[in-house]
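Each remark here refers to the structure printed beneath this line.
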Amino acid sequence: MSPILAATDLLDRLHDWGPVQTPVGVFRLTPVLLDRDLPLVHGWMCDPAVAEFWELAGPRRLTEEHVRAQLDGDGRSVPCLGVLDGTPMSYWEIYRADLDPLARHCPVGPHDTGIHLLLGGAGDRGRGLGSALLRAVADLVLDRRPHCARVVAEPDLRNTPSVAAFLRAGFRYAAEADLPGKRAALMIRDRELRDVL
């Protein structure tokens, strides 16, 4: 099965989700094209504030191997650029949490969808952009994946700005989890609570 077909099957046609209006502008997830996007993503990964948690700074091949493993995989994780008002400004990984190694470390349900986020430019951090986009992407997942009951994330517990952004985006703090390489805050956005939080 081709990676594009697999991604279509496992993440309900993520490639076709289209743009959404957010309080900060028109936002779209665009699957990464390695030849086009690797220099940008690698540059973001080498920012010291990002490198502390993503651990992909250094030679470009580290970032390339990380992204390529998803692109060449079975579609359970799709690396994307976040494009705001036509400008690529963030890197996302949308993944099936129930098919991810995460499921060995904390409870996840069928079709639970995970998200990883990195805001690329330092000027985009610390001003509420992350929480607005996290809410928009979580809503997008819940709107486009009818069998998904929860959107989950597991930021490093030490990354307090990230944890705070998830809380502001309507996620709830569910537990701490020991994952390979980090102690994580398990953050959950429930379909049934999306209009409350």
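No lab work stands behind these numbers, since they all come straight from the coordinates. These numbers come from a predicted model, not from an experiment. Methodologically, a virtual Cβ is constructed for each residue, glycine included, from the backbone with ideal geometry; neighbour enumeration extends over all protein chains shown.
Odds and ends about this structure:
- Length gained when the stretch Asp74-Arg191 is fully extended (0.36 nm per residue, less Cα-Cα span): 39.5 nm
- Relative contact order (%) - the chain, alpha-carbon pairs under 8 angstrom, separation at least six: 17
- About the Cα centre, charge dipole magnitude for the chain (Lys/Arg +1, Asp/Glu -1 at Cβ), debye: 340
- Sites listed here are trypsin sites (Lys or Arg not before Pro) in the range 135-197 whose DSSP assignment is loop and whose Cβ has at most 16 other Cβ atoms within 10 Å: Arg158, Arg194.
- Pairs of alpha carbons in the chain separated by more than 21 Å make up 49% of all such pairs.
- Global dimensions of the range 1-100 from alpha-carbon coordinates: Rg and Dmax equal 13.8, 38 Å.
- FRET efficiency for Glu52 and Arg172, using Cβ-Cβ distance with R0 set to 22 Å, rounded to 0.05: 0.30
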